[in-house]
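Laboratory data are not the source of any read-out in this text; all were calculated from the coordinates shown. Computed from a predicted model, the values in this text were never measured in an experiment. Here Cβ is always computed from backbone atoms with ideal geometry, including for glycine, and neighbour counts include all displayed protein chains.
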Amino acid sequence: MFARSLSRGFIVLGLVVGGLSAGSAVADQTVNVDLMDFSLAPNAITVRAGEKVKFNLVNKGVRPHDVAIGKGTNVTYEVVAGAGNVAGGTSGSGEFTFTDAGDYDMWCPVGNHRAQGMVGTFKVQVVSGAALPKTGDPLTVVGLGIAGIGALSLAAGTAIRRRTGA
């Protein structure tokens, strides 16, 4: 009876600790942008360099729109690449990792929407101390250590169960 309880305890501990360690991974950033005829909201966005950014676009206008980010007319990233866009009343999304810190232009590349005021600013910054850790940083190492403890607990519970037939 004791062996059965012990094996179950280790298995549960392994699953719980392993699940908790999964939350210590590198975080992504999410940017929500409302597209309207003819504005972007928000029209100023700041993200952290080196982290994946997920863009969620909601077109609240009737005309098709998109978001392009770059310097001058050079596009670094476009949420809906190429000639595609987000139709009026629909949404679209995309992901990109900005590695170069700096100030960028943000605009709607559809037709002459940029000239009609569908513009904004986009800043990519390196945040010391505030950004979540990357692989190899102390919190990631701790998370991996916790995952290892979880895996060992799970293995110990399984081994006890097999040996005792519990």
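Quick one: which residues, 5 or more positions from G50 or on another chain, have an amide H under 5 Å from its amide H? H modelled 1.01 Å from N in the peptide plane, none for Pro or chain starts.
Sorted by chain and number, the residues that satisfy this are F98, T99.
What order, most packed first, do the peptides 99-105, 30-36 have when packing is the mean number of other Cβ atoms within 10 Å of each residue?
On the way: 99-105: 13.6, 30-36: 17.9.
Per-residue Cβ counts within 10 Å, averaged per peptide and sorted highest first, yield 30-36, 99-105.
Please list, in order, the residues from segment 49-85 whose amide nitrogen is less than 13 Å from a point placed 7 Å along the Cα→Cβ vector of A101.
Hits in segment 49-85 for A101 at 13 Å: 49-51.
Straight-line reach from K60: which aspartates and glutamates fall under 15 Å, measuring Cα to Cα and dropping same-chain residues less than 8 apart?
Here the aspartates and glutamates satisfying the reach criterion relative to K60 are D34, D37.
With +1 on the Cβ of every Lys and Arg and -1 on the Cβ of every Asp and Glu, and nothing else charged, how large is the dipole of segment 41-84 about its Cα centre, in debye rounded to the nearest 20?
Working: 6 positive and 3 negative charges, 21 e Å.
Approximately 100 debye in magnitude.
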